[in-house]
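> Okay, handing you the structure first.
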Amino acid sequence: MKCLLAAINAKYIHSNLGVYSLKAYAEKHLGQDVEIEIGEYTINHSQEAILADLYRRKPDVAAFSCYIWNIDYVKQLIADLPKVLPGTRIWLGGPEVSYNGAGLLSRFPQVSLVMKGEGEETFSRLLSCFRSLGKEERGTAAKTEGQTGLTQLDEEGWDQALEHIPGIVYRRRDSRIQDTKTAPLMDLNDLPFPYQNMEGMEHRIIYYESSRGCPFSCSYCLSSLDKTVRFRRMDLVKKELAFFLERRVPQVKFVDRTFNCKKSHAMEIWRYLAEHDNGVTNFHFEISADLLDEEELSLFRKMRPGLIQLETGVQTANPRTLQEIRRKTDLNRIREMTLRIHCFQNIHQHLDLIAGLPWEDKESFLNSFDQVYAMRPDQLQLGFLKVLKGSFMEEQKEAYGLTFTERPPFEVLSTRWLSYADVLELKRIEEMVEVYYNSGQFSNTIKQMEGFFPRPARMFQELGEWHEQMGLRDMGHSRLARYENLFRFLAERFPDEGDLFRDALTVDYYLRENAGTRPSFARDQKEYREGIRSFYQEEGKARRYLNCGYEGFDSRQMAKMTHLEVLGDGRVLLFDYRNRDALTKNAAVWEIAFAAGGVQDGEFICGSGSGDHRLKSEDGSDPGNRRSADRRREGGGRISDAGESGISS
Ligand code: SF4
């Protein structure tokens, strides 16, 4: 008997923990008597290709893992599957079908049953039952035309057996739809480790869970329905983390809903990772930053840059909204913790916002945006409310005047507080934030720009409006084109500041790669040719800057492998691509000075391990703040060495 667990992921780099866990659990309990295969696809595969693959595999049962991003795709597949494999049973499971199994079964006669909630035990019991029925007939029939070959007697037995399996909704032979009771929550320690080997997983994100459930009650989230938080035993967790560390996988994402909801559990894992760091693997955690304390911060401070990354859902800064969605958030504490971690320069931080929540209008959302932006996240993700079936938010849809897309992802279109026009405007901002902020490719320029706009939200609003006017939205742009576009916007918007932005954009452009194509806005470097040539000649002999990773290369090769740029203020920057910042992956940068007959002393500005991808200017301020630094000087305020606190009256 053969069962195929089919997972259709959003991207190739993703993997589906659910199907791996179901397979491992069922194999542990049923032995090798059942053949369980995993078929992982992406939504970018054609329906035709997946259908053909399913046909080739000829399973007796095809069980689909259903999420918000693939449910439409799965529905199309299951409509066609019985046409080519009429005897194959179709089962569904996953969060997207757990709360409306009966509705799905009535709309899709092709589906035999839906598994609700946690699937491991349910799936294993279903397979065990299916295996014991029609054993004789099934084997050969399935291999020819996908016929499972259950006899009439088997079918009756099957109906009766299913009554005793909790956690399913199924179609009986007489077409009635039956819902069994809710399955008891599982003990996480009973789950076998889902990854037997890492074959085929080398370049993908590995998902891992050390706990299930969430103690919080956010009204839009299905995880809030499972209040019983269960933790996996620490000896198991450590053994499994050691498995990933030994194999040097690039990234492990913990799917624990609020990883640090129990401090002792979180701390033990973080401590273990710090002590067993392999120098390569990155671990991602979704946390509540306001729960962090000094002990956790002092551990974070010592971690390798890139060992962990943290994601915090701030969602909104509007207190009325927070109350309405039942989130207990201490915004000041999140701000403090996030800014302090930012200062460590070793941990990537993601902060999330959700547009479309109750009591949040456009202005309120823009205020939330500004507040979160001020926390200096490495990524600021603007999400739009998804009205999930089974959530408290869905129950309130009329009270909130929620309209949302008819099909998944059931994304908000308007609310009592937010018109569709507002939503579109926020989408424009989201797009700009993705391109110009979250990409990390414009950080110097964005920092410069901040000084010219009254608020961060306005900066991205104007950028979005300009892109729309220019007809630049909804089309792909090369990396170079994005820099050119931003320069055009800035040159039009701030015609007197062209030189400032020219340099900032040029620096950003070369920080990432030694690009072959020079942007049209970049300064002509002809007059510096001689200085550049003599720098590399000198460097070939003295190796004052390029002394790591350039062994065995001569001056001509070094000139090709690195980039030298002379800025408008005469500063000369050397971009070293063999030594990059551990977090941002930007090139290390030296500021050097040309001199007659050679090079004067240079200064290391940023790069490997520094974690700060923004360049420091000569006075130590960020170039982005140079104007304000200048203004401070012009204003005559005295800044003492002790910093702002030392300003005397
Ligand atoms: S949004 Fe996060 S904190 Fe809130 S219930 Fe869901 S998982 Fe828990």
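> Which residue out of 331, 339 is among the hydrophobic types (A, V, I, L, M, F, W, C), open to solvent by 30 Å² or more (accessible area, probe 1.4 Å) and over 22 Å from residue 225 (Cβ atoms)? Steps first, answer last, please.
Numbers: 331 fails: open to solvent by 30 Å² or more (accessible area, probe 1.4 Å).
After ruling out the rest, the residue left standing is 339.
> Say we look at segment 37-65 and pick out the residues that are assigned to a loop (DSSP other than H, G, I, E, B) and of a type in the set (D, E, K, R); which of these is most open to solvent (accessible area, probe 1.4 Å)? So that I can check it myself, show each step before the final result.
To start, the set of residues in segment 37-65 that are assigned to a loop (DSSP other than H, G, I, E, B) comprises 43-46, 58-60.
Cutting the leftovers down to of a type in the set (D, E, K, R) gives us 58, 60.
On the way: 58: 42, 60: 5 Å².
It comes out as 58.
> Let me spell it out: the conditions are (1) away from the ligand (no atom under 16 Å from the Cβ); (2) without any contact (Cβ under 8 Å) to a residue 60 or more places away in the chain, and residue 211 meets all of them except one. Which number is the exception?
Every condition holds for residue 211 apart from (1).
> Which one of the conditions (1) open to solvent by 10 Å² or more (accessible area, probe 1.4 Å); (2) in contact with a strand residue (DSSP E or B) (Cβ under 9 Å, 6 or more places away or on another chain); (3) under 21 Å from residue 455 (Cα atoms) does residue 318 fail to meet, given that it meets all the rest?
Only one criterion in (1) open to solvent by 10 Å² or more (accessible area, probe 1.4 Å); (2) in contact with a strand residue (DSSP E or B) (Cβ under 9 Å, 6 or more places away or on another chain); (3) under 21 Å from residue 455 (Cα atoms) is unmet by residue 318, namely (2).
> Here's a follow-up. Scan segment 290-301 and give yes if some residue there is among the small types (Gly, Ala, Ser) and within 15 Å of the ligand (Cβ to nearest atom), otherwise no.
Going through segment 290-301, the residues among the small types (Gly, Ala, Ser) turn out to be 298.
With the extra rule that they be within 15 Å of the ligand (Cβ to nearest atom), the set shrinks to none.
No: zero hits.
> For residue 311, work out the one condition from (1) surrounded by 17 or more Cβ atoms within 10 Å (Cβ to Cβ); (2) charged (D, E, K, R); (3) within 23 Å of residue 416 (Cα to Cα) it doesn't fulfil.
(3) is the only condition that residue 311 fails.
> If you don't mind, there's one more thing I want to ask. So if I check each of 112, 98, 106, which one is within 22 Å of residue 223 (Cβ to Cβ) and either open to solvent by less than 20 Å² (accessible area, probe 1.4 Å) or among the polar types (S, T, N, Q) (or both)?
The match here is 98.
> Mind checking which residues of segment 518-546 are loosely packed, with under 12 Cβ neighbours inside 10 Å and farther than 30 Å from residue 488 by Cβ?
Residues of segment 518-546 loosely packed, with under 12 Cβ neighbours inside 10 Å: 520, 524, 526-527, 529-530, 541.
Matches in segment 518-546: 530, 541.
> Let me ask something additional. Please determine whether any residue of segment 228-248 is within 16 Å of the ligand (Cβ to nearest atom), within 30 Å of residue 99 (Cα to Cα) and touching a helix residue (DSSP H, G or I) at 6+ places or on another chain (Cβ under 6 Å).
Our first condition is that a residue be within 16 Å of the ligand (Cβ to nearest atom); within segment 228-248, this holds for 228-231.
Subsequent filtering for residues that are within 30 Å of residue 99 (Cα to Cα) retains 228-231.
Keeping just the survivors that are touching a helix residue (DSSP H, G or I) at 6+ places or on another chain (Cβ under 6 Å) gives 230-231.
Yes - at least one qualifying residue is present in segment 228-248.
Condition check ((1) in contact (Cβ under 8 Å) with a residue 24 or more places away in the chain; (2) small (Gly, Ala, Ser); (3) surrounded by 12 or more Cβ atoms within 10 Å (Cβ to Cβ)) across all residues:
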| position | (1), (2), (3) |
| --- | --- |
| 161 | yes, yes, yes |
| 171 | yes, no, yes |
| 177 | yes, no, yes |
| 180 | no, no, yes |
| 200 | no, yes, no |
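> Mind checking which pairs have a first residue in segment 570-594 that is open to solvent by less than 10 Å² (accessible area, probe 1.4 Å) and a second that is among the aromatic types (Phe, Trp, Tyr) and part of a loop (DSSP other than H, G, I, E, B), Cβ under 6 Å, 6 or more apart or different chains?
As it stands, the answer is 574/545, since those pairs meet every condition given.
> Something else about it: Would a scan of segment 397-417 turn up a residue that is open to solvent by less than 50 Å² (accessible area, probe 1.4 Å) and part of a helix (DSSP H, G or I)?
no
> Could you look through segment 352-396, keep only residues that are basic (Lys, Arg) and not in a loop (DSSP other than H, G, I, E, B), and pick out the one that is surrounded by the fewest Cβ atoms within 10 Å (Cβ to Cβ)? Even if it seems obvious, please write down each step before you answer.
Of all residues in segment 352-396, those basic (Lys, Arg) come to 362, 376, 386, 389.
Retained after the next criterion (residues that are not in a loop (DSSP other than H, G, I, E, B)): 362, 386.
Working: 362: 17, 386: 20.
For segment 352-396, the residue satisfying everything is 362.
> Mind listing whichever residues of segment 250-274 are more than 15 Å from the chain's Cα centre (by Cα), basic (Lys, Arg) and within 15 Å of residue 287 (Cα to Cα)? Break it down stepwise before answering.
Going residue by residue through segment 250-274, those that are more than 15 Å from the chain's Cα centre (by Cα) are 258-274.
With the extra rule that they be basic (Lys, Arg), the set shrinks to 262-263, 271.
Passing the criteria: 262, 263.
> Say whether the condition of being outside any helix (DSSP H, G or I), open to solvent by 40 Å² or more (accessible area, probe 1.4 Å), more than 27 Å from residue 377 (Cβ to Cβ) and touching a Leu at 6+ places or on another chain (Cβ under 7 Å) is met by at least one residue in segment 218-238.
yes
The values are calculated or read from the model by the stated rules, or taken from the named source; none is laboratory data. If you're wondering where the values come from, they're calculated on a predicted model, not measured in any experiment. Using ideal geometry, Cβ is built from the backbone for each residue, glycine included, and neighbour counts are taken over all protein chains shown. Areas reflect the complete protein model, heavy atoms only, side chains present, ligands, DNA and RNA absent. Shrake-Rupley method; radii C 1.70, N 1.55, O 1.52, S 1.80 Å.
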